[in-house]
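Please read the structure below before turning to the comments.
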Amino acid sequence: MPDPRPAPVQPSPPGAVGALPAPPSLSTLPFAPAPAPGAGTVPVPEDGPGDGPAAESAGEGAAVVGRQSPAAEWILRGPSGLGTAGLRLARREEPAAPEPEAPAAGNPIPGLYHHPVPEPDPARVEEVSRRIKAWALDEVELYPEEWEEQFDGFSVGRYMVACHPDAPTVEHLMLAARLMVAENAVDDCYCEDHGGSPIGLGGRLLLAHTALDALHTTQEYHPHWAQSLHADAPRRAYRSAMEYLLQEAGPSQADRFRHDMARLHLGYLAEAAWAQTDHVPEVWEYLAMRQFNNFRPCPTITDTVGGYELPADLHARPDMQRVIALAGNATTLVNDLYSYTKELAAPGRHLNLPVVIAEREGVPEREAYLKAVEVHNELMRDFEAEAAAVAAACPLPSVLRFLRGVAVWVDGNHYWHQSNTYRYSLPDFW
Ligand SMILES: CC(C)=CCC/C(C)=C(\C)COP(=O)(O)OP(=O)(O)O
Ligand SMILES: [Mg+2]
């Protein structure tokens, strides 16, 4: 099939930051010490919460962000104010539309610490939605006709545009969109409600993983493996999405992604093993499983989607790894909270944090749910504090941009869960 994509963007050398102009005098910015755990912000200054860049009033639970160090604010909320238009994360292929307020669709979970995002650019949403459907139908034969409504209801275009506002082109967004669809196809078709089962999951996941991490074998067996990558929708989707990713990602970015996907598959296996024996883990054990069965592979491609590269040695720093893990865990608990009623309604017992807290700590459903909100909030605040600390310790442009990309992904993920009323609805606890 003819390749409709524009010429690939040349990969940036390690440490480069693509079209990102450095924040002003980064090296001289006064980096405040990281806020203490549990205190994502410093106290709101006298001139009030309306003064901060992300201090819009957005309903109960929305974060009220006071003054942090300029670098921390730049990371967590982005540049704002007079003269900062040029500090947008990357030049885009088309003029940015004015950013309207976040839409009214869906309600945020009361008390959930989050940051509202601007409504994603509708022109980009429409184009990603069009291209992702064409890919799903024409390139990988992802789903039968009867699943079309669910595919559309997932709203992957809106999701990815909200999570990657700095993507320089629609094709960069498509890298994230294809992977998101492929990851959900594996979850749905191998693990969950579209024919999935814990039985035999390990074999299926391992063979699908070879679509991301190729088999190196003898000439006799190689064709069998190559053929297998076309055998079902999850493998077709993984193979194709990875092929596109490899056109943009550098070797260490690709390997980072493979590692994150191996983590994800390990998490699926633990969840499946517990389901098979109807075992409810302790709360900390559940949180360990959910750190692997996690959105992590999505925010960690933020640099590839943004058209730059966070060098491997900076990505591997233990403090950066902690930031990434905290972000992944907070985003994944957002899913547990927004998908709570959907999972209660599904056949069998579906583990999520409120369910596990209720069972293992012997508290009523409502109390368990509210405690899960608090667990999420603590992880969010720790993420923000640790991101600010990494920014202070290592204020390189690629580090700051990556941290900002992860923070924006966290916010976009919340926005998508809140606004996806096709998939999710809130319990009646307030
Ligand atoms: C996109 C991606 C890497 C997903 C991996 C893990 C995953 C499927 C989730 C974090 C979503 O959780 P869940 O399976 O509970 O999804 P729904 O609640 O059914 O939306
Ligand atoms: Mg869920």
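Per the listing V410, V390, the residue uniquely touching a Phe, Trp or Tyr at 6+ places or on another chain (Cβ under 8 Å), buried (at least 20 other Cβ atoms within 10 Å of the Cβ) and of a type in the set (V, I, T) is V410. Within region 232-263, the set of residues being open to solvent by 10 Å² or more (accessible area, probe 1.4 Å) and of a type in the set (A, V, I, L, M, F, W, C) comprises A233, L246, A249, A262. Selection within region 393-407: residues that are among the aliphatic types (A, V, I, L, M) and open to solvent by 20 Å² or more (accessible area, probe 1.4 Å). The member of this set that is farthest from the chain's Cα centre (by Cα) is A393.
Please tell me if E282 is touching a residue at least 40 places away in the same chain (Cβ under 8 Å), among the acidic types (D, E) and open to solvent by 60 Å² or more (accessible area, probe 1.4 Å). So E282 passes the test. Among the residues of region 289-305, just one is within 21 Å of S252 (Cβ to Cβ), of a type in the set (D, E, K, R) and within 9 Å of ligand 1 (Cβ to nearest atom), namely R296. Restricting region 264-273 to residues that are in contact with a helix residue (DSSP H, G or I) (Cβ under 7 Å, 6 or more places away or on another chain) and either of a type in the set (S, T, N, Q) or in contact (Cβ under 8 Å) with a residue 24 or more places away in the chain (or both), the residue that is surrounded by the fewest Cβ atoms within 10 Å (Cβ to Cβ) is L266. Listed conditions (1) more than 16 Å from ligand 2 (Cβ to nearest atom); (2) out of contact with any Cys (no Cβ under 8 Å at 6 or more places or on another chain); (3) of a type outside the set (S, T, N, Q) are all met by A330, apart from (1). A Cβ distance below 9 Å, combined with a sequence gap of six or more or placement on separate chains, defines the contacts here; from region 168-184, residues that are over 17 Å from G405 (Cβ atoms) reach residues that are among the basic types (K, R) and open to solvent by less than 10 Å² (accessible area, probe 1.4 Å) in the pairs V170/R124. A single entry from M380, M320 fulfils the requirement of being away from ligand 2 (no atom under 16 Å from the Cβ) and within 19 Å of H114 (Cβ to Cβ): M380.
In region 151-194, the residue that is least open to solvent (accessible area, probe 1.4 Å) out of those that are near ligand 1 (Cβ under 9 Å from one of its atoms) and not in a helix (DSSP H, G or I) is E192. Of the residues screened, L337 is not one that is within 19 Å of D187 (Cα to Cα), surrounded by fewer than 20 Cβ atoms within 10 Å (Cβ to Cβ) and either hydroxyl-bearing (S, T, Y) or within 15 Å of ligand 2 (Cβ to nearest atom) (or both).
The values are calculated or read from the model by the stated rules, or taken from the named source; none is laboratory data. Treat the numbers as computed from the prediction; the structure is a model and nothing was measured. All Cβ positions, glycine included, derive from the backbone under ideal geometry; neighbour counts span all protein chains shown. Note: accessible area is taken over every heavy atom of the protein model, side chains too, but ligands, DNA and RNA are not part of it. Shrake-Rupley method; radii C 1.70, N 1.55, O 1.52, S 1.80 Å.
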